[in-house]
Amino acid sequence: DMAKITGAADTMARLLEELLELSRIGRVAGEPVTCRMAEIARHAMRMTEAKIVERGIEVEIDEMPAVSGDKTRLVEVYQNLIENAIKFMGDQQSPRIHIGSRQEDGKTCFFVSDNGIGIADEYHALVFELFERLGQEVEGTGVGLTLVKRIVEVHGGEIWIESDGLGHGCSILFTLPHPL
């Protein structure tokens, strides 16, 4: 019983901390600086390295354009997206995460792709809603992707999911204006 109570208290503390962080986005912002996106992605990857090594995940990070933005918040974006990819890797025998960018309709789209369990079309927009989780067995509070969406939008960008459905991996893409 004590383990359940302690676990519930830890989850509640994490939830409150994430909600507080969500409320700060847009009000408390760092000074925009030149952000080398590959460097930011590598920094976020180092922050999640223990989980990556534990799962034996191969991570590829491409060179990407630099943008002007809040460096700390952009690290949070990549950290959350990498952690999400790890959580939904499933039983993949050769787990991979690919981080990069591509040009689409005259915009630079940054992405974090994985070869994990994928996501059905009907959940693509829903996962960015506060407290939405795709299963109770998955750790987390349901705030991470909402936080990511808010950061991207405060930077003037958009975010969306591409997936061919269950079993086909997932890509979360976002735009940020003003590539340098």
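The values are calculated or read from the model by the stated rules, or taken from the named source; none is laboratory data. A quick note: this is a predicted structure, and the numbers were derived from the prediction, not measured. When we count neighbours, we look across all protein chains shown, and the Cβ atoms used for this are built from the backbone with ideal geometry, even at glycine. Areas reflect the complete protein model, heavy atoms only, side chains present, ligands, DNA and RNA absent. Shrake-Rupley method; radii C 1.70, N 1.55, O 1.52, S 1.80 Å.
Considering the stretch 94-123 alone, what residues qualify as being hydrophobic (A, V, I, L, M, F, W, C) and in a loop (DSSP other than H, G, I, E, B)?
ILE117, ILE119, ALA120
If you filter the stretch 36-80 down to residues that are under 14 Å from LEU176 (Cβ atoms) and in a strand (DSSP E or B), you find that the one that is most open to solvent (accessible area, probe 1.4 Å) is ARG36. A single entry from ILE119, ILE161 fulfils the requirement of being β-branched (Val, Ile, Thr) and at pLDDT 85 or above: ILE161. Taking the criterion of being at pLDDT below 95 and of a type in the set (D, E, K, R), the residues of the stretch 63-80 that qualify are ASP70, LYS71, ARG73, GLU76.
Has the stretch 2-21 got at least one residue that is at pLDDT below 90, touching a helix residue (DSSP H, G or I) at 6+ places or on another chain (Cβ under 7 Å) and open to solvent by less than 90 Å² (accessible area, probe 1.4 Å)? Step through it out loud before you land on a result.
From the stretch 2-21, those at pLDDT below 90 are 2-21; that's our starting set.
This time we only want the ones that are touching a helix residue (DSSP H, G or I) at 6+ places or on another chain (Cβ under 7 Å), so: 18, 21.
Next, from what is left, pick out any that are open to solvent by less than 90 Å² (accessible area, probe 1.4 Å): 18, 21.
Taking every residue of the stretch 2-21 in turn, at least one turns out to be at pLDDT below 90, touching a helix residue (DSSP H, G or I) at 6+ places or on another chain (Cβ under 7 Å) and open to solvent by less than 90 Å² (accessible area, probe 1.4 Å).
Please verify whether the stretch 122-144 includes one or more residues that are open to solvent by 10 Å² or more (accessible area, probe 1.4 Å), at pLDDT 90 or above, among the hydroxyl-bearing types (Ser, Thr, Tyr) and at negative phi. There is no residue in the stretch 122-144 that is open to solvent by 10 Å² or more (accessible area, probe 1.4 Å), at pLDDT 90 or above, among the hydroxyl-bearing types (Ser, Thr, Tyr) and at negative phi. Contact map, the stretch 61-86: first residue among the small types (Gly, Ala, Ser), second residue part of a strand (DSSP E or B) and surrounded by fewer than 19 Cβ atoms within 10 Å (Cβ to Cβ), Cβ cut-off under 6 Å, separation 6 or more or different chains; pairs are ALA66/THR34; ALA66/ARG36. Looking only at residues in the stretch 89-113 that are closer than 20 Å to SER68 by Cβ and small (Gly, Ala, Ser), the one that is surrounded by the most Cβ atoms within 10 Å (Cβ to Cβ) is SER101.
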